[in-house]
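Participant: Let me give you the structure first, and then I'll get to my questions.
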Amino acid sequence: NAGVTQTPKFQVLKTGQSMTLQCAQDMNHEYMSWYRQDPGMGLRLIHYSVGAGITDQGEVPNGYNVSRSTTEDFPLRLLSAAPSQTSVYFCASSVGVGGAQQYFGPGTRLTVT
Amino acid sequence: DQQVKQNSPSLSVQEGRISILNCDYTNSMFDYFLWYKKYPAEGPTFLISISSIKDKNEDGRFTVFLNKSAKHLSLHIVPSQPGDSAVYFCAAFAPDSWGKLQFGAGTQVVVTP
């Protein structure tokens with residue numbers, strides 16, 4: 001049981017490049033979400049999904065896309081990277097929509113130059 | 001506009017003494033509160049939670065107190081141990097929020113020998 005896994009751990013992008021951050025969970029959780037962590041800001045919700053085929057925007061969705069084709073996977077796409085997207089990204093999952101106790105992955109540290 | 005605020009970015013405490021972390025919130029719809037602990041280069045992990053129908057919840061060395069009228073909660077760690085050195089995030093959840101947690105900015109706790 002690996003829990004929530006994220007790849008890559010580190011990534012450096014140039015402005016304008018695109019990439020996909022991968023997230024997978026093996027706990028059969030319906031709810032998955034993406035957060036970014038910036039100094040002094042805590043964790044802010046980017047996008048979330050309440051089940052396969054259902055996604056919605058969080059607090060800071062601009063510049064990011066998501067899809068949820070399976071229960072296990074929830075990739076986050078950066079369409080055209082900007083320096084403002086330099087951050088640490090965490091994927092999380094929980095049991096059910098009302099499952100506030102979320103399990104987090106180890107994070108992806110992204111730098112956009 | 002941050003709905004969950006942790007006004008102390010850092011806290012230094014001696015081993016064996018009590019650590020008190022504070023958290024304030026502005027949204028009266030929040031009915032469930034959580035504390036997460038985060039070590040460097042790892043994702044946050046759930047520590048303890050409290051429902052709005054309670055004013056105290058205890059789990060070993062960790063106790064969370066909720067004062068709904070003041071919209072304030074606190075986390076007490078007694079006694080503090082070196083392994084408690086981490087960033088602690090307060091988070092809140094409203095019943096109709098589709099699992100969207102609101103996080104505070106975090107408090108860095110350093111436990112000194």
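Participant: Relative to the isolated chain, which residues of segment B:68-106 have their accessible area cut by 10 Å² or more in the presence of all protein chains (1.4 Å probe, heavy atoms, no ligands or nucleic acids)?
Facilitator: B:Phe89, B:Phe93, B:Trp98, B:Gly99, B:Lys100, B:Leu101, B:Gln102, B:Phe103, B:Ala105
Participant: Which of the aspartates and glutamates could a cross-linker span from B:Lys54 if the Cα-Cα distance has to be under 14 Å and same-chain partners fewer than 8 positions apart are dropped?
Facilitator: B:Asp31
Participant: What nm distance separates the two modelled labels at B:Lys5 and B:Asn27, each placed 7 Å from Cα along Cα→Cβ?
Facilitator: 1.6 nm
Participant: Which percent of the accessible heavy-atom area of segment A:6-86 goes to carbon and sulfur, probe 1.4 angstrom?
Facilitator: Working: 1930 of 3810 Å².
Heavy-atom surface of segment A:6-86 belonging to carbon and sulfur, 1.4 Å probe: 51 percent.
Participant: Separate question: At 1.4 Å probe size, with every protein chain present, just tell me what the per residue accessible area of the protein assembly as shown comes to in Å². Walk me through the numbers on the way to the answer.
Facilitator: Details: 10420 Å² over 226 residues.
Result: 46 Å² of accessible area for each residue.
Participant: Total Å² of accessible surface buried at the A-B contact, 1.4 Å probe, nearest 100? Spell out each step's value before the answer.
Facilitator: Working: alone 5760 and 6260 Å², together 10420 Å².
Looking at A and B, the buried total is near 1600 Å².
Participant: Over chain B, with every protein chain in place, what whole percent of the accessible area is carbon and sulfur at 1.4 Å, could you tell me? Kindly include the intermediate steps, with their values, before the conclusion.
Facilitator: On the way: 2740 of 5450 Å².
The value for chain B is 50 percent carbon and sulfur by accessible area.
Participant: Would you work out which of B:Ile50, B:Trp35, A:Ser49 lies farthest towards the positive end of the dipole of the protein assembly as shown? Charges go on Cβ: Lys and Arg +1, Asp and Glu -1.
Facilitator: The one lying farthest along the dipole's positive direction is B:Trp35.
Participant: List, by residue number, every residue in segment A:3-45 with a reduction of 20 Å² or greater in accessible area between the chain on its own and the complete protein assembly, 1.4 Å probe.
Facilitator: A:Tyr31, A:Tyr35, A:Gln37, A:Gly40, A:Met41, A:Gly42, A:Leu43, A:Leu45
Participant: Another one. Applying the Karplus parametrisation 6.51 cos²θ - 1.76 cosθ + 1.60 with θ = phi - 60° to the phi angles of segment B:59-76, what ³J(HN,Hα) value in whole Hz is obtained for each residue in order, glycine and proline being reported as x?
Facilitator: 8, x, 7, 10, 9, 10, 10, 10, 10, 5, 5, 8, 6, 9, 9, 9, 10, 10
Participant: Filter the cross-link list A:Lys14/B:Lys5; B:Lys68/B:Lys100; B:Lys37/B:Lys68; B:Lys38/B:Lys68; A:Lys9/B:Lys56 down to pairs whose alpha-carbon distance in this structure exceeds 32 Å.
Facilitator: Values: A:Lys14/B:Lys5 34 Å; B:Lys68/B:Lys100 20 Å; B:Lys37/B:Lys68 23 Å; B:Lys38/B:Lys68 26 Å; A:Lys9/B:Lys56 38 Å.
A:Lys14/B:Lys5; A:Lys9/B:Lys56, as the Cα separations exceed 32 Å there.
Participant: While we're here: Using θ = phi - 60° and the Karplus form 6.51 cos²θ - 1.76 cosθ + 1.60, what ³J(HN,Hα) does each residue of segment B:100-112 get, whole Hz, x for Gly and Pro?
Facilitator: Karplus values, whole Hz, x for Gly and Pro: 7, 7, 9, 9, x, 6, x, 10, 7, 9, 10, 9, 9.
Participant: Find the relative contact order for chain A and round it to a whole percent, using C-alpha pairs within less than 8 Å whose residues are 6+ positions apart. Mind showing how you got there, number by number?
Facilitator: Details: 303 pairs, mean separation 40.4, N = 113.
This gives 36 percent for chain A.
Participant: By accessible area of protein heavy atoms, probe 1.4 Å, what ranking do A:Thr55, A:Thr113 get, highest first? Don't jump to the answer; show the numbers that get you there.
Facilitator: Details: A:Thr55 60, A:Thr113 95 Å².
If we order A:Thr55, A:Thr113 from most to least accessible, we get A:Thr113, A:Thr55.
Participant: What does the charge count near A:Leu43 come to, summing +1 for each Lys or Arg and -1 for each Asp or Glu among other residues with Cβ under 15 Å from its Cβ?
Facilitator: Working: positive: A:Arg36, A:Arg44, A:Arg109, B:Lys5, B:Lys37, B:Lys38, B:Lys100; negative: A:Asp38, A:Glu59, B:Glu42.
Summing Lys and Arg as +1 and Asp and Glu as -1 gives +4.
Participant: Could I ask something else about it? How large is the accessible surface of B:Tyr39 in square angstrom, using a 1.4 angstrom probe and rounding to the nearest 10?
Facilitator: The accessible area of B:Tyr39 comes to roughly 80 Å².
Participant: What nm distance separates the two modelled labels at A:Phe10 and A:Asn65, each placed 7 Å from Cα along Cα→Cβ?
Facilitator: Between A:Phe10 and A:Asn65, the label points sit 2.9 nm apart.
The values are calculated or read from the model by the stated rules, or taken from the named source; none is laboratory data. In this text the structure is predicted, and so the values were computed from the model without any measurement. Quick reminder, even Gly has a Cβ in these numbers, built from the backbone with ideal geometry, and neighbours come from all protein chains shown. Calculation scope for accessible area: heavy atoms of the full protein, side chains included, ligands and nucleic acids excluded. Shrake-Rupley method; radii C 1.70, N 1.55, O 1.52, S 1.80 Å.
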